[in-house]
Structures are given as C-alpha cells and as structure tokens.
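Inspection log for the structure reproduced underneath, given as structure tokens.
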Amino acid sequence: MRTETPVAVRLADYTPYPFSIDEVRLEFRLDPAATQVRATMKVTPAGSGPMRLDGEALTLKSIRLAAEGSALSILPPSDYALDDHGLTLTAPPSGPFTLETVVEISPEKNTALSGLYISGGRFCTQCEAIGFRRITYYPDRPDVMSSFRVRIEAEKAKYPHLLSNGTPGEAGDLESGWHFAEWDDPHKKPAYLFALCAGEYDVLRDSFTTASGAPVDLGIYVDKGEAARAAWAMDSLKRSMRWDEEAYGREYDLGVFNIVAVRDFNFGAMENKGLNIFNSAYVLADEATATDLDFEAIESIVAHEYFHNWTGNRITCRDWFQLCLKEGLTVFRDQNFSADMRSRPVQRIKDVIKLRARQFAEDAGPLAHSVRPDNYAAIDNLYTATVYEKGSELIGMLRRQIGSQDFRKGMDLYFERHDGQAVTIEDFYACFEAATGQDFAQFRRWYAQAGTPEITVEESWDAASSTLTVKLSQYTRPTHGQPVKKPVPVPLLSALLDGKGGHVAATDRAAEPFLYVLDTEQAEMVFRLPAGSARPLVSLNRDFSAPVRLKRALSRDERLALVRAETDPFNTWDGLQTLIKEEILTLADGSQTSPDTALVGAIGQAVRGAMGDPAFAALLTRLPDVGELFLEREPADPVALSAARRKLQAAIAAELAPEISETLAKASPAPYNPGAEQASIRALRSAFIMLLGGRGDAAGTLLDLYRNAPNMTEQLSALRALTVSAGAGKEEALADFEARWKQNALVMDKWFSVQAGLGTAEDVRRLIAHPDFDLRNPNRVRSVVAAFAMQNLAAFHAPDGSGYRAVEETILAADKANPALGARLMTAFEQWRLLEPKAGAEAEGCLKRLVAAGLSPNAMDIASRALDG
Ligand code: ARG
Ligand code: ZN
C-alpha cells in the first residue's frame, strides 16, 4: 500500500451541487462475490457544466441516458470520463434527464466495512460518511437529498429477510429460488442515510403508537436464537420515542422502524432512515452476558440513533464540516434522556469523566481541532470526541444561558424552518437569535477555536469591608494552526457557601446559585457581604456548566473545606477528584511516599455519607485514569503514575474495609432488573470489588465472588479485580471464564479486554496469537489493541518500547484491511509528546516505522499530524 497524505478539503470551498436528483431508484441483485446495482436517477440541472458522480471500487457495466421525453440509450464513451474516484458526464443535457448506471461490486471482498459488505453471512451497509460511493455512482454528499425507491433481489433460502429504508412495498418470489422486496422512503434523504440488510435473522417485534395516534411497527433483527437478548434495546427504543415527543414535541414519521444488529461494525451504530444498523454489542444484553454498563450504553445509543431521526435525518448537514450540527446536538439529547431515565447528577459526572478523558486529551495534543473545523484530510477521522462530546457541551452552555424555555423555542423554530433541508451551524444559531433576540456571534467562537480554555481563579477577602473579590481570567493555549485565541463566553454557575451546607447572600445578591458569564480575558466578581460576615467559600462551575479547566491555587485543607461545604453534587465529586489527582501526582513524583491520611479519611467519610445513593458513592471511590493525569504534569511518567494510583487505591480499600465487607456480604438484588435503581446498587458493589483487587490480600474473597456472581456485572468486576491483583485465583478465573463463554463473541470480547487492559505486553502478544483473535472483527481488535493502548498506559508506554512493539504489526494489518479501524487505533499515539523521554523516543520510533511500512490515507492522516504537531 502506498502512503500518501490526502489533500485537505476546505469549508471555504463549498459550492452547491449544480444538479438536483429528484428521484433515485436502486435495484440490487445480491451476490457476495458479484452484486449488481442498477441506479436510475431523475436529474434536473440547476446550471450548466459537467456532472460529477462519486464512485469507488465499482466496476461500471453500462451507462445509459435519456433526455426528457426520449428513451434510454447507451452513452458513448466520449460523453463521460472514469477515474479512481468517480465518473464525470462531460456534457449532460441542459434540461431534465434520466441517468441509469449498472455497476458490479464485491461485498465479500469489502474488508473496509464501508459500503455494502458481508458480516456473519448477511449483507449489510455502512454509508456515513462516504460509503455510498462504494455502492453506486452518485453525488455522495449530504446536501444532495432525494427520494429513494429500492428493489432487492436475492436467493430466498439464504436471505429470507430483505430490508431497506422507509416502508415495505411489493414483495414476492422470482425464478430459481430467488425472491424480491421493494422499499419506498417518502422522505428525501442524503445518500449517507441509505441502508440495506439481507439475510436470515430472528426478529423481536413490538409496536408503538405516536402521540397523535399513528401506529409504528418496530422490529429488531438479530442472529438466530438471540431475539430475547434484544428486549432491553426494544424497551429503550420505546422510551426514546416517547421522550422525544415529550421533551421536543417530535414524533416518529413512518409506519416502520427497524434495527439490525451486525457483528462486524466499525462504529457503535448508524441512524439510517427507518433502518438503524447497530454493532451487535449495543443491541444484545441479558443479565448473564451483559454488565449494567452495557445496558446503560444500549439505552443511550438506541436513543442517540433514534433522536437522529429529527436531528440528522429530517434536518441534515450541508457538508461534513457541519457534523457537530447533528452529532453534538444528538449527544446532548441522548445525555439528557439518560439523565431523565437515571440520576441526573450521576449522568453528569459520567459525561464529564468521558469528556475529560477523551476530549480534553484530544484538545491538548496534536489532533486538536475545533468543533466545526474548517478543513479535513479524511472525513472518517472527524468523528471525534471534540465533535461529539464538546459539541454537546456547547449546546448545554447555550441552553444554560438562554434558559430551557427559550431553548425549546429555538429548537421548535429550527424544526419548523429547516425541516427537509441540509443546513449549517449558522442556520441553527439564527433560529436561537430569532427566538431570543440575542446575538451569538461571540458564542460561536466556541465552534471555531480548538483547545480547552483554562480559567484561573484568584480570591481575596477584605475583612474590614466584608468584601470578597474573585478575579477570573481565561486563556486557551495555542493549537496547531491557531496561535492566538480570542476570549469565549464561559458560563460559570456559581454560589457562595457558608461551610455548613448552606448558601450565603451578598448585599446585592440573593443566596441562590447564579450564572456568571466570563466573556473577556479578565474580569472580577465582587461580593459585598453584611458587615461582620465570615469569609464565604466560592463554588464555581457547578454542574460543570462550562467545559473548561479551572486553575485554583488552593491548599489541600482549603480544598477539603470546600468539598465539605459544597451543595452541588458534581462539585462535591469533582473537588475530591482534584484532591485525588494531586495526591497521585505527589506520590508519583516521589515527594511523598504514602497517601495522606486526612485525604483518605475524607474520601471514606464522603463515601459513607453517600451510601444512600450507591451510584454516587461508587463514583466517589473512583480514581482518575492514568491518561487524565497526563494533562496535569509534564513529562508524564505512566509507570510511576500507575504505581501511585495503586497505592492510593489500596489505602482507600483499607479505609473502607468495614463498608466493603458489609456491602459484599449482602446478596445482590434479585430478581435482576437492568433499571437505574438496581444498577446503582451493583455499581457500588462493583466499585468495592475493584477496591478489594487493589488490596493484594483478597484473592480468596475475590475468587468466591467470581464463582458466585449472580450476574455478568459482578462476575466481570471480580474477574477484573483478580486480574489486577495478579495473585492466586487469576488464572483459574480466566480459564473458567473462557470455558464458560467461548461460544459468545461479545462476552469473549470482555475476556480479551480485561487481560489487554490490565496485563503486560506479553499477555497482549498471547491474546493476539489466540485462535479467537480475529483481525476482521473490529470489536475483537479493539478489545485487545485499543484496550491495551488506550487503557493500559503504563504497559503500552513502557520505557523500553515493548508495549508499542507488541501491537505494531497488528495495527498495520488491521489498517490494511480496514482503514477506519487502523486510523482509530493510531489515535492511541495522540499524547506521545507528553511522555517521559524514554517512552517518548520509543513512541516516535514506532510511529515512524508505521509510516514507513505504509499506512492507509486515514491512518496516515493521524500519524502525520501526531508527528508534526
Ligand atoms: N452517525 C453515527 C452516529 O454517531 C456514526 C457514524 C460513524 N461514521 C464514521 N465514518 N465514523 O450515530
Ligand atoms: Zn450520532
């Protein structure tokens, strides 16, 4: 494979497509080796000039054209030109015409899993962002919307179910054991929302009645024998449909909604109109095979894809630069759905953990880019934490600043104004400007500037006048191509605390929390208190109201006092996290050898005080991942950080020993229910099991917990804890787990990922050589390579380079077959410049070897940015 850095596409170069595709009919004759696709388009030119159609890995069989009123006739080769990326009609008619192409494609040779491919013996598609061009010649861009009619023909015995978007039409038998089905999608859509699935499935069926009384048939298509495991996904789907009606007034708009579960899938799931396609990991679950976190992920991803029906499908993106228009907004919607289904503060904390771990890291490294970038080299590499998670934070800030009523008004206007269109971020904000009369020009800088703003806070108290002054300043570090940043509006939800669990009023301000928007480089909040008042404590960025890094020079005691005084659950948790981070850093750099007893005691006290809200208590026991600590001090020494982290974990386990034994002596809730209440109890049980693993003297207890675990949540926690403790019982449990779950690929992914995430480079080599390691299955590759490279940083970034060498060849091989997967694995190197010099040099060497060996354009885009940046 030749390595070449792809040429950047620029937002500034956007021009509308000069033709409209009024209608498209697709006819498929499915065959794994040679599928034939006939595409017939009704075209109306909107200008003059050539017509460009995208196409990749297609074999053109015939091309015919008919001007209006005449019959199709073969297009002479002089009237079109073919190249590796498409087809150009050099002089198309100036009036309406019909174009028909017939191409042949080979789904079984499609290892990139983009376009039409085979998974588990069935046909399926993935077209976002640019997979449709691997199915037929077409203007494969989101602003070209058309109505699609589809006919599928296939061998009936092998492919009894034939599915596409929209609603089913005619179906029936054909000669020699073949059959056909037609599907009609009345809603105009871009090609990236096209989907086709064909094969033999079991189907879980249900129904839903919309608020206005329209019936919807629901179906979830899964592997034979798995229908019962789709029950939670179905339940989540129905709750999502209801929630979108209640929260946004959005009803479903077709009589059919289908989901198909696919074993080999590059991403989580895909929102194709009326036919969502899911990675089977996000469909199939029961108590024996899935953890509560799996159930939670299914609930949120089912919701996410369903919510795209309005934010993404009915209103789509004009171009891929606008990706956050649908993704950031839809993540915001699914996070709020989850918060309504479960605990809002717990959901907020989990969202922030993910944001910090992935997005802050991205923003601090060579892959930093703005939420709406103005150029890209490979569109697949733009499906990032920045576009998704930071994109969601921006919507959250918008809503916080204008209030939920005005937010709803703006959203209503957006749906009304732009239904059926492909639009931009500017169009979206124009709706909020119209609804509120406010100007969002400065706010929109958040979309254009990469990097995480740092907010420095300095307080001073003047006892004589009882005046508290809080100086705030903002600074965003330069990122690649953006040396100077302008100030953005930072909405800080704040409160003055009295230290006894209450709020303090200033002379001109009530005691309630208030929103302060810092929109300049520097500003001061001044609070005058009644004469003789005690100095209040300041609670800032409550509920993580802005996605920023707060810099506050507080002593350990001051932070502890603030944690005790807090009235905001997010800040209670975050205050402890900050202390824990500082403690791990201190232990890692050797300036302190054992964990501070006051801090460990405070954590214990906080956990004991939160036992009534077990999911929250579980989060209080959490230690930040090593990767999060990279951002706190340079150079980063993952080996030392990981050792320090374990020390602190052991101390917390000792502090909480009585609570741990008491909690684990109780039976797990039965009968099992995946809902929030029980999941919360199991979250604490799991957190305690993990703490036991940190103690190093609990192998017997852990093995008992493993053997008697009544559900996968606790079974897996015990397995992880045994693997961490690396003592007796580890091998026995791993062998038992493998024997028990050998036949279930999704469960085996957990077995692989526990070992890769917690073991050594040697373990990873062994896992890669395991007969069940499958380079063609992205879930399996991620469960080994991504688990190792992204979660097991002390081993991956080993100073002798052994971690890099253990996965290097596998990354190359994965990339050769599947560039989207290869590029994703390459992002593990995004933080390499922060590493201590030995690991840093090894990382650079590995990156250079990968580049020299030849990467796909997608992976090369990541590697070259990582090396330049
Ligand atoms: N739109 C899908 C979702 O977030 C993800 C598609 C991912 N595609 C890609 N090329 N990365 O719901
Ligand atoms: Zn999405």
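Cβ-Cβ contacts under 9 Å between residues 6 or more apart (or on different chains), taken from a first residue in the range 397-411 that is within 19 Å of residue 444 (Cβ to Cβ) to a second residue that is of a type in the set (Phe, Trp, Tyr) and not in a helix (DSSP H, G or I), are listed as 397/443; 398/440; 398/443; 401/443. Could you list, in sequence order, the residues of the range 412-439 that are under 23 Å from residue 370 (Cβ atoms), in contact (Cβ under 8 Å) with a residue 40 or more places away in the chain and among the hydrophobic types (A, V, I, L, M, F, W, C)? Matches in the range 412-439: 422, 423, 425, 428. Take residue 732 and tell me if it is surrounded by fewer than 21 Cβ atoms within 10 Å (Cβ to Cβ) and either under 29 Å from residue 802 (Cα atoms) or at pLDDT 95 or above (or both). Taking the combined requirement at face value, the residue satisfies it. Within the bounds of the range 575-588, is there any residue that is under 27 Å from the mean Cα position of the chain (by Cα) and closer than 26 Å to residue 507 by Cβ? No: zero hits. In the range 301-311, of all residues being within 9 Å of ligand 1 (Cβ to nearest atom) and out of contact with any Ser or Thr (no Cβ under 6 Å at 6 or more places or on another chain), the one that is nearest to residue 338 (Cα to Cα) corresponds to 301.
If you take the residues of the range 295-311 that are assigned to a helix (DSSP H, G or I) and more than 14 Å from the chain's Cα centre (by Cα), which of them is farthest from ligand 2 (Cβ to nearest atom)?
Step one: list which residues in the range 295-311 are assigned to a helix (DSSP H, G or I), which gives 295-307.
In the following step, the residues that additionally are more than 14 Å from the chain's Cα centre (by Cα) were identified as 295, 306-307.
Numbers: 295: 20, 306: 11, 307: 8 Å.
My answer is 295.
When the test is whether a residue is free of Cβ contacts under 8 Å to residues at least 24 places away in the same chain and outside the structural domain of residue 263 (by the TED database), residue 120 does not pass it.
Taking the range 554-652 as the region of interest, the helices (runs of 4 or more DSSP H) fully inside it that hold 2 or more residues being within 21 Å of residue 355 (Cα to Cα) and in contact (Cβ under 8 Å) with a residue 60 or more places away in the chain are 569-588, 614-620, 626-629. Residues in the range 506-519 that are in a loop (DSSP other than H, G, I, E, B) and in contact (Cβ under 8 Å) with a residue 12 or more places away in the chain: 507, 508, 511, 512, 513, 519. When the range 152-184 is examined, which residues are found to be basic (Lys, Arg) and touching a helix residue (DSSP H, G or I) at 6+ places or on another chain (Cβ under 8 Å)? 156 - this is the single residue of the range 152-184 that is basic (Lys, Arg) and touching a helix residue (DSSP H, G or I) at 6+ places or on another chain (Cβ under 8 Å). Does the range 520-535 contain at least one residue that is part of a loop (DSSP other than H, G, I, E, B) and under 29 Å from the mean Cα position of the chain (by Cα)? Scanning the range 520-535, I find no residue that is part of a loop (DSSP other than H, G, I, E, B) and under 29 Å from the mean Cα position of the chain (by Cα), so the answer is no. On the stretch given as the range 317-338, residues that are away from ligand 1 (no atom under 11 Å from the Cβ) and outside any helix (DSSP H, G or I) total 2.
Checking the stated criteria, residue 782 turns out to be assigned to a helix (DSSP H, G or I) and within 18 Å of residue 267 (Cβ to Cβ). Scanning the range 312-346 for residues that are touching a Phe, Trp or Tyr at 6+ places or on another chain (Cβ under 9 Å) and among the hydroxyl-bearing types (Ser, Thr, Tyr), we see that the one that is nearest to ligand 2 (Cβ to nearest atom) is 330.
Scan the range 813-836 and tell me whether some residue there is surrounded by fewer than 20 Cβ atoms within 10 Å (Cβ to Cβ) and polar (S, T, N, Q). No, the conditions are met nowhere in the range 813-836. Of all residues in the range 265-286, exactly one satisfies the criterion of being surrounded by 21 or more Cβ atoms within 10 Å (Cβ to Cβ) and acidic (Asp, Glu), namely 271.
Residues in the range 135-145 that are more than 16 Å from ligand 2 (Cβ to nearest atom) and either β-branched (Val, Ile, Thr) or under 25 Å from the mean Cα position of the chain (by Cα) (or both): 135, 136, 140, 141, 143, 144.
Of all residues in the range 662-677, count the ones that are under 25 Å from residue 300 (Cα atoms), in contact with a helix residue (DSSP H, G or I) (Cβ under 8 Å, 6 or more places away or on another chain) and in a helix (DSSP H, G or I).
Qualifying residue count for the region: 1.
Picking from 408, 400, which residue would you name as being under 27 Å from residue 574 (Cβ atoms), among the charged types (D, E, K, R) and either touching a helix residue (DSSP H, G or I) at 6+ places or on another chain (Cβ under 7 Å) or assigned to a helix (DSSP H, G or I) (or both)? Lay out the reasoning, then the answer.
On the way: 408 fails: under 27 Å from residue 574 (Cβ atoms).
After ruling out the rest, the residue left standing is 400.
Within the range 159-178, identify whether any single residue is crowded, with 17+ Cβ neighbours inside 10 Å, among the charged types (D, E, K, R) and either touching a residue at least 40 places away in the same chain (Cβ under 8 Å) or farther than 17 Å from residue 32 by Cβ (or both), and answer yes or no. No: the range 159-178 contains no residue that is crowded, with 17+ Cβ neighbours inside 10 Å, among the charged types (D, E, K, R) and either touching a residue at least 40 places away in the same chain (Cβ under 8 Å) or farther than 17 Å from residue 32 by Cβ (or both).
List the strands (runs of 3 or more DSSP E) that sit entirely inside the range 191-282 and contain at least 3 residues that are within 16 Å of ligand 2 (Cβ to nearest atom).
Details: elements: 196-199, 202-209, 215-222, 256-262, 275-279.
The strands (runs of 3 or more DSSP E) meeting that bar are 275-279.
Collect the residues in the range 692-706 that are out of contact with any helix residue (DSSP H, G or I) (no Cβ under 8 Å at 6 or more places or on another chain) and either aromatic (Phe, Trp, Tyr) or in contact (Cβ under 8 Å) with a residue 24 or more places away in the chain (or both), keeping them in residue-number order. So that I can check it myself, show each step before the final result.
Restricting attention to the range 692-706, the residues satisfying the condition of being out of contact with any helix residue (DSSP H, G or I) (no Cβ under 8 Å at 6 or more places or on another chain) are 697, 700, 704.
Passing the criteria: only 700.
With respect to being more than 22 Å from residue 270 (Cα to Cα), within 15 Å of ligand 1 (Cβ to nearest atom), modelled with pLDDT of 95 or more and over 13 Å from the mean Cα position of the chain (by Cα), residue 377 fits the description. Among the residues in the range 723-730, are any over 24 Å from residue 798 (Cβ atoms) and of a type outside the set (Gly, Ala, Ser)? No, because not a single residue in the range 723-730 is over 24 Å from residue 798 (Cβ atoms) and of a type outside the set (Gly, Ala, Ser). Across the range 348-381, the number of residues qualifying as touching a Pro at 6+ places or on another chain (Cβ under 7 Å) and under 25 Å from residue 818 (Cα atoms) comes to 2. Taking the criterion of being surrounded by 16 or more Cβ atoms within 10 Å (Cβ to Cβ) and either among the small types (Gly, Ala, Ser) or closer than 9 Å to residue 251 by Cβ (or both), the only residue of the range 211-221 that qualifies is 219.
Just to be sure before I move on: is residue 353 surrounded by 21 or more Cβ atoms within 10 Å (Cβ to Cβ), away from ligand 1 (no atom under 16 Å from the Cβ), part of a helix (DSSP H, G or I) and at pLDDT 95 or above in the structure I sent? Show your work before the answer.
Values: surrounded by 21 or more Cβ atoms within 10 Å (Cβ to Cβ): no; away from ligand 1 (no atom under 16 Å from the Cβ): yes; part of a helix (DSSP H, G or I): yes; at pLDDT 95 or above: yes.
For residue 353, the condition - surrounded by 21 or more Cβ atoms within 10 Å (Cβ to Cβ), away from ligand 1 (no atom under 16 Å from the Cβ), part of a helix (DSSP H, G or I) and at pLDDT 95 or above - is not met.
The values are calculated or read from the model by the stated rules, or taken from the named source; none is laboratory data. These figures come from a predicted structure and were not determined experimentally. Every residue, glycine among them, receives a Cβ derived from its backbone with ideal geometry; neighbour counts consider all protein chains shown.
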